[in-house]
Structure formats: structure tokens, C-alpha cells
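Engineer: Sharing a structure, written as C-alpha cells. Questions coming.
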Amino acid sequence: MPKYEGVIFPLPIDMIKRAAKKEKDVFIKYTNLHLTSKMTLYLYGSGGNKKIIAESEIKNVKSLLAKNVWEKYGDRLIQNKSEFEEYIGEREGKELVVLELDEIQRYNNSIDVPEGKKITMAGLYVNEKMKNKMDV
């Protein structure tokens, strides 16, 4: 398996700004990507300038049933209660990947995704070559 430096996930810009400002440190995602501590989570502003606007180091990775996430992490989540409930929908019994993060750092200047790369809801691994192209 190739070595990945990080992962890019899209989130609405307002959610990213709020998370950085209010010092939120837990990100949840239904994903099959293999994520580990020490990887970098890059946050891509969807619905706006479509660039990477923030990052955070992943401190810990857990798997937890969706129905138990709000109870355990609540105010630490990037999503607020209504956003969380909308995201979970009918999938309360499904496992979520829970990323505990270091402080979210917003960039002064947004970063373009390297040419030819598409960001989908599934996310995108970042290897060393791609990270160098991103000029992070």
C-alpha cells in the first residue's frame, strides 16, 4: 500500500470557518479510506471557491456507531446538531470514522487542488508527490 501523507475531504466553507473559530476538534465521515494518526486532514471548501482552505493533523482515528457519536463528542464535532442529524439520516446503526484533530489551521491563501485531481464526497488521498504540488 502506498504511503499517504493525508486526505482531502470537502465541507461547506461556513462549516470550516466556524470549526476553526470555535476550536472544534472532531470530524466524522462515512468512508472506506484507511486513515491513521499523524496524517493531515485537508479541508476543501465546497460550494465556494473550491480550494483547500484549512488543515489539521489527525491525532486519533476511531470507529463508532453513528447513534453513539453525538453523545460522546457533542460540542467537539465540526458539525452542529442539525448538520450531524442531516448527515446521519437513517444510518444510525452504521459505523462512522471519527477523527480527533489537532487545532484546525485556516490558510491565509487558499490552495488549489493539483490539476487533474477531482475532489468528491468520498475524499482523496494525498501522497508526497501531490503534497509537493499543492505547495503546502
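The values are calculated or read from the model by the stated rules, or taken from the named source; none is laboratory data. Because the structure is predicted, anything quoted here is derived from the model rather than measured. Glycine gets a Cβ as well: all are built from the backbone with ideal geometry, and neighbour counts include every protein chain shown.
Engineer: Within region 111-122, can you find the residues that are surrounded by 13 or more Cβ atoms within 10 Å (Cβ to Cβ) and more than 16 Å from the chain's Cα centre (by Cα)?
Structural biologist: Selection gives 112, 114, 117.
Engineer: Can you tell me which residue in region 86-100 is nearest to the chain's Cα centre (by Cα), limited to those that are under 21 Å from residue 13 (Cβ atoms) and in a helix (DSSP H, G or I)? Break it down stepwise before answering.
Structural biologist: Going residue by residue through region 86-100, those that are under 21 Å from residue 13 (Cβ atoms) are 86-87, 99.
Cutting the leftovers down to in a helix (DSSP H, G or I) gives us 86-87.
Details: 86: 17, 87: 14 Å.
Top of the filtered list is 87.
Engineer: What's the number of the only condition in (1) surrounded by 14 or more Cβ atoms within 10 Å (Cβ to Cβ); (2) in contact with a strand residue (DSSP E or B) (Cβ under 6 Å, 6 or more places away or on another chain) that residue 19 fails to meet?
Structural biologist: (2)
Engineer: Sticking with this structure for a sec: If only one of 28, 53 is in a strand (DSSP E or B), touching a residue at least 24 places away in the same chain (Cβ under 8 Å) and out of contact with any Ser or Thr (no Cβ under 9 Å at 6 or more places or on another chain), which one is it?
Structural biologist: It is 28.
Engineer: State which residue is modelled with the lowest pLDDT when the search covers only region 101-136 and only residues that are assigned to a loop (DSSP other than H, G, I, E, B) and β-branched (Val, Ile, Thr). Step through it out loud before you land on a result.
Structural biologist: Taking region 101-136 and keeping what is assigned to a loop (DSSP other than H, G, I, E, B), we get 102-104, 112-123, 127, 135-136.
So of that shortlist, the ones also β-branched (Val, Ile, Thr) come out as 104, 113, 119-120, 136.
Values: 104: 94, 113: 90, 119: 92, 120: 91, 136: 65.
Once the filter is applied, the top-ranked residue is 136.
Engineer: If I ask for residues that are at pLDDT 95 or above, under 13 Å from residue 103 (Cβ atoms) and out of contact with any helix residue (DSSP H, G or I) (no Cβ under 8 Å at 6 or more places or on another chain), which ones from region 9-26 would you list?
Structural biologist: Once the filter is applied, which keeps residues that are at pLDDT 95 or above, under 13 Å from residue 103 (Cβ atoms) and out of contact with any helix residue (DSSP H, G or I) (no Cβ under 8 Å at 6 or more places or on another chain), region 9-26 yields nothing.
Engineer: Of everything in region 29-79, what is in contact with a Phe, Trp or Tyr (Cβ under 8 Å, 6 or more places away or on another chain), of a type in the set (D, E, K, R) and at pLDDT 95 or above? Give them in sequence order.
Structural biologist: 29, 55
Engineer: Another one. Can you tell which of 52, 88 is over 29 Å from residue 130 (Cα atoms) and among the β-branched types (Val, Ile, Thr)?
Structural biologist: 88
Engineer: Assess whether residue 89 counts as being free of Cβ contacts under 8 Å to residues at least 12 places away in the same chain, surrounded by fewer than 13 Cβ atoms within 10 Å (Cβ to Cβ) and more than 18 Å from residue 121 (Cβ to Cβ). Spell out the reasoning first.
Structural biologist: Details: free of Cβ contacts under 8 Å to residues at least 12 places away in the same chain: yes; surrounded by fewer than 13 Cβ atoms within 10 Å (Cβ to Cβ): yes; more than 18 Å from residue 121 (Cβ to Cβ): no.
Here the answer is no, as residue 89 does not meet what is asked.
Engineer: Residue 55 fails exactly one of the following numbered conditions: (1) surrounded by fewer than 18 Cβ atoms within 10 Å (Cβ to Cβ); (2) closer than 13 Å to residue 6 by Cα; (3) charged (D, E, K, R). What is the number of that condition?
Structural biologist: Tallying (1) surrounded by fewer than 18 Cβ atoms within 10 Å (Cβ to Cβ); (2) closer than 13 Å to residue 6 by Cα; (3) charged (D, E, K, R), residue 55 fails exactly one: (1).
Engineer: Can you say whether residue 37 is surrounded by 15 or more Cβ atoms within 10 Å (Cβ to Cβ) and either polar (S, T, N, Q) or farther than 18 Å from residue 124 by Cβ (or both), as far as the supplied structure shows?
Structural biologist: Details: surrounded by 15 or more Cβ atoms within 10 Å (Cβ to Cβ): no; either polar (S, T, N, Q) or farther than 18 Å from residue 124 by Cβ (or both): yes.
No: the conditions fail for residue 37.
Engineer: I need the full set of residues from region 95-110 which are of a type in the set (D, E, K, R) and either out of contact with any strand residue (DSSP E or B) (no Cβ under 8 Å at 6 or more places or on another chain) or surrounded by fewer than 12 Cβ atoms within 10 Å (Cβ to Cβ) (or both), in order please. I'd like the intermediate steps shown before the answer.
Structural biologist: Step one: list which residues in region 95-110 are of a type in the set (D, E, K, R), which gives 95, 100, 102-103, 106.
Hit for region 95-110 is 103, nothing else.
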